[in-house]
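This report refers to the structure that appears directly beneath it.
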Amino acid sequence: MTIRSNATAAVEEMRKVRQARLYEPTAVPEDVVRQLLEVARWTGSSRNTQPWEFVVVTDKETLRRLSEIRTPINWVAEAPLAIATVMTGETPLSESYDEGRVTERLLVAARLLGLGGGTAWFGDNQQQAQGKDILGIPADRFARQVVVIGYPTTLKDHRPNANTGGRKPLSELVSHDRYGAR
Ligand SMILES: Cc1cc2nc3c(=O)[nH]c(=O)nc-3n(C[C@H](O)[C@H](O)[C@H](O)COP(=O)(O)O)c2cc1C
């Protein structure tokens with residue numbers, strides 16, 4: 001495979017993907033939404049089951065109701081766009097992995113397109129049921145989050161109990177040939 005001429009820049013952009021929670025009120029253009037959904041659609045999944053559907057949410061009232069499910073996601077109310085991932089729920093273990101892959105691709109694509117995004121988890125079983133109810137998702141499906149997308153005004157975590165944004169050094173994470181051999 002040829003190395004893309006701008007690969008280093010693209011990889012650096014990928015490294016810089018962070019959770020965005022605060023956005024400009026600007027709507028995400030329809031062609032951009034379409035590009036994001038194409039990226040999502042082409043994500044690989046276990047045995048190519050493609051166990052997902054997506055609900056694109058731009059309605060302010062719906063975003064507000066989603067934001068009220070749980071305080072740590074109250075910022076969803078002011079976002080211009082959220083994409084709910086709806087999984088079949090038939091093979092939970094591999095679907096968890098698939099859901100993570102599709103989520104991360106959406107977030108990386110958003111960053112590469114000059115936007116930003118964030119994961120907003122509904123929470124426990126009851127809160128997931130609430131999220132599904134708000135979005136009209138059948139009870140037998142598995143839906144636990146929306147991927148929120150927009151034009152970020154900051155990548156700082158503005159919440160009172162903000163997570164520290166740093167990362168562990170590679171020296172703590174990587175072994176060579178055998179676990180623990182640093
Ligand atoms: C599975 C998962 C669920 C998350 N749920 C939320 C959430 O409900 N609300 C929120 O504000 N951030 C949520 N996040 C974002 C993380 O808090 C964030 O990615 C982490 O603190 C690292 O920060 P950074 O992405 O800015 O580097 C979630 C991330 C993951 C991977």
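The values are calculated or read from the model by the stated rules, or taken from the named source; none is laboratory data. All figures in this text were calculated on a predicted structure; none of them were measured in a lab. Every residue, glycine among them, receives a Cβ derived from its backbone with ideal geometry; neighbour counts consider all protein chains shown. Each accessible area value is taken on the protein alone, full model and side chains, heavy atoms only, with ligands, DNA and RNA left out. Shrake-Rupley method; radii C 1.70, N 1.55, O 1.52, S 1.80 Å.
Explain nothing, just the number: dipole magnitude of region 19-152 about its Cα centre with +1 on each Lys and Arg Cβ and -1 on each Asp and Glu Cβ, in debye rounded to the nearest 20.
Working: 14 positive and 17 negative charges, 40 e Å.
Roughly 200 debye, rounded to the nearest 20.
Taking only protein heavy atoms and a 1.4 Å probe, what accessible area per residue, in Å², does region 1-138 have with all protein chains in place? Walk me through the intermediate numbers first.
Working: 7950 Å² over 138 residues.
That works out to 58 Å² per residue.
For region 44-105, what does the convex hull of the Cα positions come to per residue, in cubic angstrom? Mind dumping the intermediate values first?
Numbers: hull volume 6.0 nm³, N = 62.
Cα-based convex hull of region 44-105, divided per residue, equals 96 Å³.
Please give the helix 30-41 orientation as an angle from the longest Cα principal axis of the chain, in degrees from 0 to 90, rounded to the nearest 10.
Approximately 60 degrees, to the nearest 10.
Compute the helix-to-body angle for 125-135: its Cα long axis versus the longest principal axis of the chain, expressed 0 to 90° and rounded to tens.
Compared with the principal axis, the helix lies near 70 degrees.
Normalise the Debye intensity by I(0) for region 109-182, one equal point scatterer per Cα, no solvent, then take log10 at q = 0.24 Å⁻¹ and round to two decimals.
-1.04
Residue 58: net charge of surrounding residues, Cβ under 14 Å, Lys/Arg +1, Asp/Glu -1, itself excluded?
Numbers: positive: 34, 60, 64, 65; negative: 30, 59, 61, 78.
Every neighbour counted, the sum reads 0.
To one decimal place, what Kirkwood hydrodynamic radius in Å is obtained for region 19-152 from all pairs of distinct Cα atoms? Don't skip to the answer; put the middle values down first.
On the way: mean 1/r = 0.0682 Å⁻¹.
One over the average 1/r among Cα pairs gives 14.7 Å for region 19-152.
What's the carbon and sulfur percent of region 19-152's accessible surface, probe 1.4 angstrom, rounded to a whole number? Each step should come with its number before you reach the end.
Details: 3410 of 6660 Å².
Carbon-and-sulfur percentage of accessible area, whole number: 51.
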